[in-house]
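Accompanying notes for the structure given below.
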Amino acid sequence: MNISFKSKIFKISFLLFIVLIGGVIFASRFDDSKQSTIDVDRNAQVIVDLSVEINASEETVWRIQTGIDQWPAWQKNVTQARLSGPIAVGSTFQWETHGLPIHSTIREVDPMRRIVWGGPAQGIEGVHVWTITPTAKGVIVHTTESWDGPPVAADPEGMRAALTTSLNTWLADLKTTAEAQTS
């Protein structure tokens with residue numbers, strides 16, 4: 001084998017190796033499993049973390065939970081809700097719960113699995129994460145919400161109690177509504 005033939009084989013092998021490595025690097029930039037997810041504010045003064053098992057499909061639970069305009073029909077504490085746009089990152093919605101008007105922006109959507117929204121409400125900055133995980137009987141709905149800001153600093157334990165009660169009611173209403181639609 002002459003040196004020029006070996007040199008050509010080496011160059012071709014080297015180029016193929018570079019193309020292969022470049023392809024792996026390029027493809028990994030678009031791998032959804034490696035994309036970061038948005039979390040609550042882990043430095044906030046109040047963080048509440050709750051779950052409930054619901055005997056309904058993820059499709060049913062997702063439809064109810066993301067049907068924002070219909071929240072007042074099934075949530076006892078939501079008196080109004082209006083989505084401006086689709087369920088998509090950047091869409092906003094205005095809603096009222098316990099007499100508190102809230103303006104939220106959707107920050108992350110992974111259909112049937114996860115939605116995150118957040119925004120200010122009378123000095124409280126909230127971030128709310130919802131996940132839906134299939135089980136043998138239906139789904140586990142997990143919610144984590146953080147609150148921070150001057151009103152929270154003034155009464156963190158009172159705010160934690162209020163948020164815990166509110167989220168427990170939300171989860172109970174979601175469970176009742178979803179399971180009624182499954183029966």
Look through region 172-183, keep the residues that are part of a helix (DSSP H, G or I) and not aliphatic (A, V, I, L, M), and return whichever of them is least open to solvent (accessible area, probe 1.4 Å). ASP173
Failed criterion for MET112 (all others in (1) modelled with pLDDT of 95 or more; (2) closer than 21 Å to ASP173 by Cα; (3) open to solvent by 30 Å² or more (accessible area, probe 1.4 Å); (4) in a strand (DSSP E or B) hold): (4)
Kindly indicate whether GLU157 is open to solvent by 10 Å² or more (accessible area, probe 1.4 Å), on the phi < 0 side of the Ramachandran plot and within 10 Å of the chain's Cα centre (by Cα). no
Right, VAL40: among the aliphatic types (A, V, I, L, M) and modelled with pLDDT under 95 or not? yes
Going by what's in this entry, would THR169 be described as open to solvent by 30 Å² or more (accessible area, probe 1.4 Å), in a strand (DSSP E or B) and in contact with a Lys or Arg (Cβ under 9 Å, 6 or more places away or on another chain)? no
Filtering region 115-130 down to residues that are without any contact (Cβ under 8 Å) to a residue 40 or more places away in the chain and open to solvent by 40 Å² or more (accessible area, probe 1.4 Å) yields PRO120, GLN122, GLY123
Among THR133, THR164, the single one that is surrounded by fewer than 16 Cβ atoms within 10 Å (Cβ to Cβ), under 19 Å from the mean Cα position of the chain (by Cα) and part of a strand (DSSP E or B) is THR133
Would you check if there is a residue in region 138-154 being at pLDDT below 95 and open to solvent by 50 Å² or more (accessible area, probe 1.4 Å)? no
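The values are calculated or read from the model by the stated rules, or taken from the named source; none is laboratory data. For clarity, every value in this text was computed on a predicted model and none was experimentally measured. Positions of Cβ are generated from backbone atoms using ideal geometry, with glycine treated the same way; all protein chains shown enter the neighbour counts. Note: accessible area is taken over every heavy atom of the protein model, side chains too, but ligands, DNA and RNA are not part of it. Shrake-Rupley method; radii C 1.70, N 1.55, O 1.52, S 1.80 Å.
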